[in-house]
Amino acid sequence: MTNDKRILAVVVTYHPDLTLLQANISAFADRVGEVYVWDNTPAPDNAKVETFLRQHFNNVVIEGWGENKGISYALNHGWKYAQKQGYDVVLTMDQDSRFEDFSTYLTRVQNKWVNDGLCICGPTPNRPQDQKHEKKGFIPSIAIITSGMLIPIELLIETGGYCEDFFVDAIDFDFCYRIREKGYEAYMDQESNLIQVFGEPRYKKILGMKIHGYGYSPKRVHGIFRNHIITWRRHHHPGKLLRHIIKQYCFNYILKGVLLVEDKKWAKLKAAFKGTVDGFKFKINDKSK
C-alpha cells in the first residue's frame, strides 16, 4: 500500500474562488506529501492567490508563469515535479471540486492496486444520494474526469503524460485512451463522491420537464468539439467515444441545452460546427499521439 506522504496533489487554478479553493484543498491536504498548485491566473492577480494559499496551507508548492498556459501544460509540470521529488502517486484536481470523503476513497483505491494491480481511478462526480439506486465497487469507464484522479507515477512515465495540443477539454478522454493502449484500465469508484460543477449550469422548465444547460462560452464549445474529434481520430475511431460525442454533446448539449436553454445560440452552433471541422482538419502524427 502506498504511503500517503508519497502522494503529490496537483491542483490547477485560474482566477479561483478562494473560499471554494480552500475547502477543496482542505479535504485532502493532510493525506498527501505536498499540494502542488500551478496557477494559470495572469499577473498581477496571481499574487493574491499565492498569498492566500501560503496563509492557509503549510505543504503547498506554487508555480506558474503569470499567464494562462492551459490545463495539460500545468498537469505535465505537476507530474514531472512529482517524479523528480520521488513521489509514487499523483492526485489531480480542479480548483472548484470537493471530495466528500477523500480518506475513504484513497483507501479503496490503494486496496484495489494491491489486489488487482496498477490502474487509474476516479470518484463518481455528483454521486446520486438515493440509497435505492446506490451502486457498489469500481467499474471500467470510457473516461474518468481529471479532477479526483489517482495515478501511479509509473503510468504517467510510461504514457508520457498529457497531450498539450489540448488547452482544456478532452484531456481526460485522451489520457484514459493512452492508458488503455499501454495495457492498463481506467476505473470509476461508484462509492466515492466528488462534488463537481460543470460549466455555469442553468435550467429551464419546458412542458413540465427540467432542461439543463452548461453555459459554456462559444470558445469553450469549439474546444469541446475539436478536441473530442481529434481524440476519436487519434485513438482509431472508438465507437464508444463516437456515441458519447453524439449523445452528450450533439444531442444533450446542443439540441437540448443550447437551443432550449442557453443564450448566444447562433454563436455556439457555429462554434460547434467549426470545432468539428477543425478536429477533422487537425494533422494526426506520431508526435501528437
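The values are calculated or read from the model by the stated rules, or taken from the named source; none is laboratory data. Computed from a predicted structure; not experimentally measured. Neighbour counts run over all protein chains shown; Cβ positions are idealised from the backbone, glycine included. Protein only, heavy atoms only, side chains kept; ligands, DNA and RNA dropped before computing areas. Shrake-Rupley method; radii C 1.70, N 1.55, O 1.52, S 1.80 Å.
A Cβ distance below 7 Å, combined with a sequence gap of six or more or placement on separate chains, defines the contacts here; from segment 166-181, residues that are touching a residue at least 12 places away in the same chain (Cβ under 8 Å) and more than 21 Å from ASP278 (Cα to Cα) reach residues that are of a type in the set (S, T, N, Q) and surrounded by fewer than 24 Cβ atoms within 10 Å (Cβ to Cβ) in the pairs ARG178/THR159; ILE179/THR159. Does ALA74 satisfy the criteria of being more than 20 Å from TYR187 (Cα to Cα), under 14 Å from the mean Cα position of the chain (by Cα) and either open to solvent by less than 10 Å² (accessible area, probe 1.4 Å) or in contact (Cβ under 8 Å) with a residue 60 or more places away in the chain (or both)? Judged against the criteria, ALA74 is a match. Sub-7 Å Cβ pairs linking a first residue in segment 140-158 that is farther than 20 Å from GLN83 by Cα to a second residue that is open to solvent by 20 Å² or more (accessible area, probe 1.4 Å) and among the aliphatic types (A, V, I, L, M), at least 6 apart or interchain, are SER141/MET188; ILE144/MET188, ordered by first then second residue. When every residue of segment 77-93 is checked against the conditions, at least one turns out to be polar (S, T, N, Q) and in contact with a helix residue (DSSP H, G or I) (Cβ under 7 Å, 6 or more places away or on another chain). Residues of segment 27-60 that are farther than 24 Å from LYS80 by Cβ and either of a type outside the set (Gly, Ala, Ser) or in contact with a His (Cβ under 8 Å, 6 or more places away or on another chain) (or both): ASP30, PRO44, ASP45, LYS48, THR51, PHE52, GLN55, HIS56. For segment 109-146, filtering for residues that are at pLDDT below 95 and either open to solvent by 50 Å² or more (accessible area, probe 1.4 Å) or in a helix (DSSP H, G or I) (or both) leaves 10.
Every residue, every condition in (1) open to solvent by less than 60 Å² (accessible area, probe 1.4 Å); (2) in contact (Cβ under 8 Å) with a residue 24 or more places away in the chain; (3) aromatic (Phe, Trp, Tyr), yes or no:
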| residue | (1), (2), (3) |
| --- | --- |
| THR41 | yes, yes, no |
| ASN59 | yes, yes, no |
| ILE62 | yes, yes, no |
| LYS69 | no, yes, no |
| THR107 | yes, no, no |
